[in-house]
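J.: My questions will all concern the structure given below.
The values are calculated or read from the model by the stated rules, or taken from the named source; none is laboratory data. Here the structure is a predicted model, which means the values were calculated and not measured. Every residue, glycine among them, receives a Cβ derived from its backbone with ideal geometry; neighbour counts consider all protein chains shown.
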Amino acid sequence: MKLVTAVIKPHKWEDVREALETFGVTGMTVSEVSGYGRQKGHTEVYRGAEYDIALVPKIRIEIVVDDADADDVVGIIVKTAQTGRIGDGKVWVSPIETVVRVRTGDRDEAAL
Amino acid sequence: MDGYYAFMLVATALVLMMTVPALALFYGGMSRSKSVLNMMMMSYIAAAIVGILYVAVGWSMGWSGDGTFFANPFELFWLDGVETSDYIFVMFQMTFAIITVALISGAVADRMKFSAWVVFVPIWALLCYFPMAHMVFSCTDDSLICGRIGAQDYAGGTAVHINAGIAALVLVLLLGKRFGWPKDKMRPHNLTLTMLGAGLLWFGWYGFNVGSIVFGGESEEADMAQFLSETGRTFANTTLATMAAILGWLLIERIMHGKATSLGAASGIVAGLVAITPAAGAVDLSGAVAIGLVSGAVCAWAVGWKFRLGYDDSLDVVGVHLVGGIIGTVLIGVFSTSDGAGGIDGLLYGGGVDSLVDQLLGVLVAIVYVSIVTTIIGLAIKYTMGLRISEEAEVEGIDITEHGESAYDLHTGTGGGGGKTGVLNTASKEGVNA
């Protein structure tokens, strides 16, 4: 099992969710996060004073999938979330040791 | 004059609305999310304290008779001797006292002890506002600014805006900078509140300026004719100056910083209203537009001074009210026309420099009087009970430390508790942005 974590632009989240649902992903965890990468932040001006806003709002998606599906899921996210401009985000995959479904106690693949 | 009386009932309610809630919203939106309740409370408590004090001695100090600086505080104490049919005029002037004190609060955001504010408010009203109202508005022959100097001030360029602006500057210098300023410039947390507050201020300002008519009193017919012509003039001037100031502010912003901002538009509204306040009766439509444009543009530039000079006038009370108040009061000497309420031609209409000199003198007297008295009050509070909350309290947030509240609980499922309830605040949720 793998954990696919993606940090993407907020306005791409709906497209990504639809694409993943079409592929067969049945659930995910989503959070509103902020951070920065190579694009750094941006500048805002209030009454003439410039403010460097270091953190940019992003959406983080976390999905636990079968090993076999990991590459496809990553591919779908990258394809759907891509705008080609700086700040599109990152996707990474990490191994998972154990998953348990809280309602039934099912473990691992049965819990996905 | 039934129409006038009915109008004053409405105008008085409008001016009270300028403080509660318009100014509170305007300032509250510009403060940080951890300080918004304290910011708004400073306006609300000012209304409560100053209003009652005004009935006790404020009206008497202003309107009971002669005096260079103020009239006998006990002549009409607690409105003893004032007919109830005149109460509405007391109430109208009371709302001016309230908003003048409340205006100061924007400068001291995030860091002034609430108890120190509660002590400062009545003492400052007593020693600065009530005398200034007498010197400017009651206009007895011996009153300093109106009677002796002869400076024009229709609705409070000196008595309200320069008065509050100077007091703000003095308090800021005595209080010191907020922890972290100016490296952290502390941006506004909710500009929709500020836009709403600015709009409500504009609306209420019609009560403020148009309601400030003073009648010649020669005959009922003459007063009625004056009522009809002068309210039209002050209403139109108030409107046009404000519109021009929005454009003036945004133009300077666009040139200096590349963007026209919503905070700039809201600030332009206030800068224009402030500047036309003293001049609403004196100038014609072109004069109103000129004063608005100049005020919007100059204030947009003046709000940057604090970063160069290093005083933390948090929400720009100095940059908007002091600067705008001076602009409006002084430019009367340039743009006033003899058709206007004062019957005096300014520099541009062939009246020479006399009016301009009177206006400058009026401004100077206001600045000197208010800066001296406010410094004494501020120092007295600073070295007895203290003006500032602790650094720890300031960092945690003045809403929680001074009022035991927080303005926003945006986290679902955690109930109250000031956003400090722990892990659930960071829990993930589905359907975000859906």
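J.: Scan the strands (runs of 3 or more DSSP E) fully inside chain A and keep the ones with 3 or more residues being within 14 Å of chain B (Cβ to nearest Cβ) and hydrophobic (A, V, I, L, M, F, W, C).
T.: Counting at least 3 such residues, we get A:2-8, A:56-65.
J.: Moving to a separate point now. Checking B:ILE166 against (1) under 19 Å from B:VAL318 (Cα atoms); (2) assigned to a loop (DSSP other than H, G, I, E, B), which test does it fail?
T.: (2)
J.: Output yes when any residue across segment B:251-265 is of a type in the set (S, T, N, Q), touching a residue at least 24 places away in the same chain (Cβ under 8 Å) and in contact with a Lys or Arg (Cβ under 7 Å, 6 or more places away or on another chain), and no when none is.
T.: no
J.: Just to be sure I understand, how many residues within segment A:11-57 are over 30 Å from B:ALA271 (Cα atoms) and among the charged types (D, E, K, R)?
T.: Summing the residues that are over 30 Å from B:ALA271 (Cα atoms) and among the charged types (D, E, K, R) in segment A:11-57 gives 9.
J.: Test of understanding: among B:GLY150, B:GLY156, B:GLY65, which residue is surrounded by fewer than 21 Cβ atoms within 10 Å (Cβ to Cβ), out of contact with any strand residue (DSSP E or B) (no Cβ under 8 Å at 6 or more places or on another chain) and within 21 Å of B:THR329 (Cβ to Cβ)?
T.: B:GLY150
J.: Given the condition more than 16 Å from B:TRP249 (Cα to Cα) and among the acidic types (Asp, Glu), answer yes or no: does some residue in segment B:295-313 qualify?
T.: Within segment B:295-313, one or more residues are more than 16 Å from B:TRP249 (Cα to Cα) and among the acidic types (Asp, Glu).
J.: What number of residues within segment A:32-82 satisfy the criterion of being of a type in the set (S, T, N, Q) and crowded, with 16+ Cβ neighbours inside 10 Å?
T.: Here the count works out to 1.
J.: Answer yes if at least one residue in segment B:346-359 is outside any loop (DSSP other than H, G, I, E, B), among the polar types (S, T, N, Q), over 23 Å from the mean Cα position of the chain (by Cα) and farther than 27 Å from B:LEU23 by Cβ, and no otherwise.
T.: Yes, the conditions are met somewhere in segment B:346-359.
J.: Kindly indicate whether any position in segment B:404-416 is modelled with pLDDT of 90 or more, buried (at least 18 other Cβ atoms within 10 Å of the Cβ) and part of a helix (DSSP H, G or I).
T.: no
J.: Here's a follow-up. Pairs, please: C-beta under 8 Å, at least 6 apart or cross-chain, first residue within 23 Å of B:ASP339 (Cα to Cα) and in segment B:286-315, second hydroxyl-bearing (Ser, Thr, Tyr) and assigned to a helix (DSSP H, G or I)?
T.: Final answer for the pair search is B:ALA288/B:THR238; B:GLY292/B:THR242.
J.: Take B:VAL323 and tell me if it is in contact with a Lys or Arg (Cβ under 8 Å, 6 or more places away or on another chain), in a helix (DSSP H, G or I) and in contact (Cβ under 8 Å) with a residue 60 or more places away in the chain.
T.: For B:VAL323, the condition - in contact with a Lys or Arg (Cβ under 8 Å, 6 or more places away or on another chain), in a helix (DSSP H, G or I) and in contact (Cβ under 8 Å) with a residue 60 or more places away in the chain - is not met.
J.: Cβ-Cβ under 8 Å, sequence separation 6+ or interchain: first residue in segment B:393-407 and polar (S, T, N, Q), partner surrounded by fewer than 21 Cβ atoms within 10 Å (Cβ to Cβ) and at pLDDT below 95. Which pairs?
T.: That search, which allows pairs on different chains as well, returns B:SER406/B:GLY418; B:SER406/B:GLY419.
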